[in-house]
Structures are given as C-alpha cells and as structure tokens.
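The values are calculated or read from the model by the stated rules, or taken from the named source; none is laboratory data. What you see is a predicted model; the values in this text were computed from it and never measured. Cβ coordinates were reconstructed from backbone atoms using ideal geometry, including for glycine residues, and neighbour counts include every protein chain displayed. With ligands, DNA and RNA removed, areas are computed over all heavy atoms of the protein, side chains included. Shrake-Rupley method; radii C 1.70, N 1.55, O 1.52, S 1.80 Å.
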Amino acid sequence: MVALTKSTTQFLAWTASKGIETPLDLNERSDGSRYTTAKVDLDNTSDILQIPISACITSDSLDGLAERLAYERKLESKSEFAPYMDVLPTLEGGDNPYLATLPRFWESKRLERVADSGQLERRMMNDARKDLDQWALACVDSRANFLGDGRYAMTPWLDMINHDASIQTRARIEEDKGFAGLGDILQLQSGKNYAKGSEVFISYGNLSNLDTLVDYGFVSDTNPCNTETIAVRMMGQQPFTLTVYPDGSVDAGSKATLRYNLATPEELEIFSTIEKGTGLGILAKPLSDRNELDVQSFIASTIDEALYETKAGAAETKDDALINMYLSARQKQFELAIERITHKFPGIEY
C-alpha cells in the first residue's frame, strides 16, 4: 500500500458529495492498481456499498454507455463526473491502471504466443467494435455492471473492488422513498465475512479465464467457473464448439452432435421411430456401446491435440506470467478431461 494519489483523494471527496456510503477503504499499490479493505468487521449480510444511481453513468446498452463515457471524457473538467473520469484506467499509463495490458491492445508478437487454438483471437474478433472509442469501450467492458432494470452503468467505487469467483455477491436497488432526495440507491452485500483490514472482494460473475483475460487482463489458476473451448470441424458437417468444464467433463451438446455424426445408418434408424415433436433428446444418452466409444475417442483425440499445442505454448511463455498462467490453466483442464475419459473407458484409443 502506498499514499493515495491526488486524483484518488479528489475522487473520494467527490463520491462523498454524491451520497456514496461504504464501510471500505480504498487503497493503492505502487503499480497504480487499487483495492479495497474493510474499515470494520463485516459479515456476509453487511452492505459494503450504497450508491445513488444518480452518481452513476448509465445507458440502455453497452454501446450507448461507451458513447456516453467518451462524451463525458471530452467534457474534461466540465463533466459532473470529472473526478471519476480522472481515476479510470488510461491507455497512456501514469498513476491509473494501464488499459494497454488488455489483449486487445497487445502487439501482434505477443498475441502470437497465445497457443490456445485461436480461442483468444476468435473472441477478440467477435467483440471488436471499431466504430466506438476504444478507450471508452475497454473501460465499459472491464468495469460496467447491469442494474437489473434494463440499464447498464459505470458505477464509482464498485469498479474498484477486485474479483473473486467464489463469492456470492448480492445487489439490490432500493427505490426512491422521497425522503433523502438521492433517488434510487444501488446496495451491494458482501456475501462473505471480512475482518477489519482485510481485502474485500466481489464476484464479477461466472467468468472463464478467457473472459477475465479479454476484459480485465488477469486469469486465475484456480477459477471454479473456467471453461475451455475447442472449435471442431468435421468433413461434411456443421462446425461446433466443444467445451471442457472445470471438472474435466464435456458439454452435452458436443456429445449429442458427435453421437449423431458418428452413428451408423442402423443406429440412425431409431430417429424414424421418434414421435413427431419430441426432438433429438435421445442423443442425450449413448446410442450404442460402439457409437459411444467412437464419440469418446474422438473427444479425447480432439482434446489431446489441443493439449499438445497448449502445453508447448506454456513451456515457451515462462517469461510472460499472464500468458503462461492462462495456458497452464487450460493445459490442466484438458489433462483432467482426458484423465476422466480414460478412467471411464480404460484402454480407449485416441
């Protein structure tokens, strides 16, 4: 912990003037990152933030929120949110967290080191919005929250609290009762007991390592919500995505697709006897021992191929902690998936 910067001190004074209340302290590290600690002991039902919605920058869509944020930035000191804008991450570095650590701003040479079968590249291409201000979009992607009434918000203080996927954070909006004059209030409960002085966390949602890498610039090697995906292409068939869950299991949709794709004409005859309107629910279970062995062999082979690439990539990126952790977690999950298959189907070839 280091002494608070002038911009952070001004931000805290501004939040108090806006009616934001919290039993938390805001702290800074030497790298410019911020974190929160408990001023007093907190239990799992304690309110850790009370924020008037009027103190938030809001919009009906994420794109609209990015446009609103870019507009407020252009106003500079004339914006009513100027003290908040001054503590948001930048692309230039300085006292505030550095947005250029996000993959969307990496140089191509660094991106090429991410050996994840194109998973990161596909995500970034899908998320790209060149028509929007890139600073504002990155801030919104990494800091915005959904209010529950159809609006999205950039919420001062809330976006200073770090993420822990194991915490069940609870939020609610108290509607304006007409007494305090602050309008609707967003209230956030801790979901966990905290001793005075300890760092306080919230959950940003059930996010995979890919999610947190792309939008927040960090990953976890113990993420209970992590999923890893592999794009699958089979000759003459529609491509699909195979998903591996934290326990090494594979998504039911991929197994159903493979049961159909790898079925013999005889095994497919059963579909002609399915009552109209019942769908393909029968594919939720093995069609036959032969078919299921082929399905599991295909899955193991597909994962093993991705594992080989990921393992090599992890070995070559030990000088880049972020990429290495991302690939190592992916490797661990794939190894668990293959172990799970070989345990259930001893001697399976893949």
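Observations, loosely collected:
- The conditions of being farther than 16 Å from Ser198 by Cβ and without any contact (Cβ under 8 Å) to a residue 40 or more places away in the chain are not met by Glu67.
- Test: residue in segment 178-196 that is crowded, with 18+ Cβ neighbours inside 10 Å, part of a strand (DSSP E or B), out of contact with any helix residue (DSSP H, G or I) (no Cβ under 9 Å at 6 or more places or on another chain) and modelled with pLDDT under 95: yes
- Filtering segment 49-93 to residues that are surrounded by 16 or more Cβ atoms within 10 Å (Cβ to Cβ), assigned to a helix (DSSP H, G or I) and among the aromatic types (Phe, Trp, Tyr) leaves only Tyr84.
- Test: Val219 is buried (at least 18 other Cβ atoms within 10 Å of the Cβ), touching a Phe, Trp or Tyr at 6+ places or on another chain (Cβ under 8 Å) and touching a residue at least 60 places away in the same chain (Cβ under 8 Å): yes
- Close contacts from segment 111-129, counting a first residue that is more than 14 Å from Ile323 (Cα to Cα) and a second that is among the basic types (Lys, Arg) and open to solvent by 50 Å² or more (accessible area, probe 1.4 Å), with Cβ to Cβ under 8 Å and a gap of 6+ residues or different chains, come to Met124/Arg104; Asp127/Arg104; Ala128/Arg104.
- Residues of segment 234-252 that turn out to be outside any strand (DSSP E or B) and either open to solvent by less than 30 Å² (accessible area, probe 1.4 Å) or in contact with a Pro (Cβ under 7 Å, 6 or more places away or on another chain) (or both), as a count: 4
Per-residue answers, yes or no, for (1) charged (D, E, K, R); (2) open to solvent by 10 Å² or more (accessible area, probe 1.4 Å); (3) touching a Cys at 6+ places or on another chain (Cβ under 6 Å); (4) within 25 Å of Glu228 (Cβ to Cβ):
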{"position": "Asp116", "(1), (2), (3), (4)": "yes, no, no, yes"}
{"position": "Glu121", "(1), (2), (3), (4)": "yes, yes, no, yes"}
{"position": "Asp127", "(1), (2), (3), (4)": "yes, yes, no, yes"}
{"position": "Asp133", "(1), (2), (3), (4)": "yes, yes, no, no"}
{"position": "Asn162", "(1), (2), (3), (4)": "no, yes, no, yes"}
{"position": "Arg170", "(1), (2), (3), (4)": "yes, yes, no, no"}
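- Filter result for Asp127 (over 24 Å from Glu199 (Cβ atoms) and modelled with pLDDT of 95 or more): no
- All of (1) open to solvent by less than 70 Å² (accessible area, probe 1.4 Å); (2) in a helix (DSSP H, G or I) hold for Thr229 with one exception: (2).
- Hits in segment 94-144 (condition: closer than 20 Å to Ser328 by Cβ, among the β-branched types (Val, Ile, Thr) and not in a loop (DSSP other than H, G, I, E, B)): Thr101
- Leu99 closer than 30 Å to Lys18 by Cα, surrounded by 14 or more Cβ atoms within 10 Å (Cβ to Cβ) and at pLDDT below 95: yes
- Test: residue in segment 21-33 that is touching an Asp or Glu at 6+ places or on another chain (Cβ under 6 Å) and buried (at least 16 other Cβ atoms within 10 Å of the Cβ): yes
- Some residue of segment 276-291 being closer than 30 Å to Trp106 by Cβ, touching a Ser or Thr at 6+ places or on another chain (Cβ under 9 Å) and either basic (Lys, Arg) or open to solvent by 70 Å² or more (accessible area, probe 1.4 Å) (or both): no
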